[in-house]
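Take a look at the structure set out below.
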Amino acid sequence: MPLILISGFPSSGKTYRSEQLKEYFAQKIAASEDARISKIKIHHLNDQNLGLDRDVYGAARSEKDARATLSSAIKRDLTATSIVIADSMNYIKGFRYQMFCEAKAQRTPSCVVHVGTPADKCRELNKKALADGTGGYQTDLFENLVFRYEEPNGMTRWDSPLFTVPYEDETPPLEELWETLVGGKVKAVKPNSATILAPVTEQNYLYELDKTTSDIVSQISSWQKDHPGESGGEITVPGVENVIELPANPLGLPQLQRLRRQFISMNRTHNLSKDRIKDLFVDYLNDTFQAA
Ligand SMILES: Nc1ncnc2c1ncn2[C@@H]1O[C@H](COP(=O)(O)OP(=O)(O)OP(=O)(O)O)[C@@H](O)[C@H]1O
């Protein structure tokens, strides 16, 4: 059952919106006579109920651990009979991508609800929460988090469908969300070879993942060498339907290697077939270039 990734600035109202979603979904579940729906459980995950302090965002190391805690909780709770509301800033697009892959591997729909409260309003809510002791981040940390925030982009697969909720709106589009995720308006992600285990050993798989992505990176590098000063361009990878659409500025090798490492770490547990690795890596590169 679906994964709802909440995303928004600090103190933007993510918990406020999550509670509205939870309440509406709980009513729908209680009122349903469909056995498939009435057994759904809702899991609301946020820093508070995962035992994470706001200070974790003050250092890269503790923030990484906090993300790992959230990610394990999502993996644990995302089952065929549950709805998971991941009420956290979820501001790193790489993390949203990983959770999208997780939902896909579980053959369940996912979406992003962007709590679109503007930074100024969040600043005001944050100050108020600090003053009345109900929450809030220290000013430096708050500003830093706003600065680092990577806004969801509904054009990328991992941020879609994207529902943006303006501060003034009474509620998120509750019925639309329900219909989209549970009511069958959009079917669960079709299983494809990304979710079907290929008959290779793990060692082979990691080798293939490394080799296949490395070959593609080399292909991009040599294309750029052969086309100096050219802006954009398309590269066809043998056996892959989609072409690589290069961005306007040439890509440096360190940047390409970084993307390759990210892709490997996101997909090392999937066990995809060789052809599927090529397809997915090309899609991943295109999505990243487009979202940049
Ligand atoms: N759209 C809104 N209308 C009215 N009040 C709101 C709205 N959005 C947020 N608030 C209020 O602002 C305060 C902060 O909201 P909330 O705690 O939900 O933010 P948050 O994004 O979950 O914060 P954190 O980043 O600490 O997790 C709360 O008192 C909440 O009731």
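Remark: the range 202-291 carries a charge dipole of roughly 360 debye about the Cα centre, counting +1 on each Lys and Arg Cβ and -1 on each Asp and Glu Cβ. Computed over the chain, the per-residue total of -39500 (n - 2.57) for DSSP H runs of n ≥ 4 gives a 222 nm mean residue ellipticity of -16000 deg cm²/dmol, rounded to 500. Across the options 122, 83, 163, the greatest Cα extent toward the positive end of the charge dipole of the range 3-181 (unit charges at beta carbon of Lys, Arg, Asp, Glu) belongs to 83. Available extension along the chain between residue 48 and residue 179 is 44.3 nm, counting 0.36 nm per residue and deducting the alpha carbon span. Taken about its Cα centre, the range 3-181 carries a charge dipole of about 700 debye when Lys and Arg each add +1 at the Cβ and Asp and Glu each add -1 at the Cβ.
For the charge dipole of the chain, defined by +1 on Lys and Arg C-beta atoms and -1 on Asp and Glu C-beta atoms about the Cα centroid, which residue among 135, 26, 66 has the Cα displaced farthest towards the positive pole? With unit charges placed on the Cβ atoms, the residue in question is 66. Listing 65, 279 from fewest to most neighbouring C-beta atoms within 10 Å gives 65, 279.
Amide H contacts for residue 83 (H built 1.01 Å from N in the peptide plane; partners 5 or more residues away or on another chain; cut-off under 5 Å): 41, 42, 43. Taking the range 1-42 and a reference point 7 angstrom along Cα→Cβ of residue 127, the backbone N atoms nearer than 20 Å belong to 9-14. Near the amide H of residue 110, within less than 5 Å, lie the amide hydrogens of 3, all on another chain or at least 5 residues away, with H placed in the peptide plane.
Which of 104/211; 93/278; 28/75; 14/93; 211/278 have a Cα-Cα distance over 19 Å?
Checking Cα-Cα distances, 104/211; 93/278; 28/75 exceed 19 Å.
Counting only the backbone N, which residues of the range 80-115 are under 11 Å from the spot 7 Å out from the Cα of residue 39 toward its beta-carbon? Hits in the range 80-115 for residue 39 at 11 Å: 80-82. Highest-first packing order for the peptide set 27-39, 86-98, 236-248 is 86-98, 236-248, 27-39, based on the mean count of other beta carbon atoms within 10 Å. Given the options 4, 227, 290, identify the residue whose Cα lies farthest towards the positive end of the charge dipole of the chain (+1 on Cβ of Lys, Arg; -1 on Cβ of Asp, Glu). The Cα lying farthest towards the positive end belongs to 4.
Read the figures in this text as sums done on the coordinates, not as results from a lab. Note that this is a predicted model, so its numbers are computed, not measured. Cβ atoms come from the backbone with ideal geometry, glycine included; neighbour counts cover every protein chain shown.
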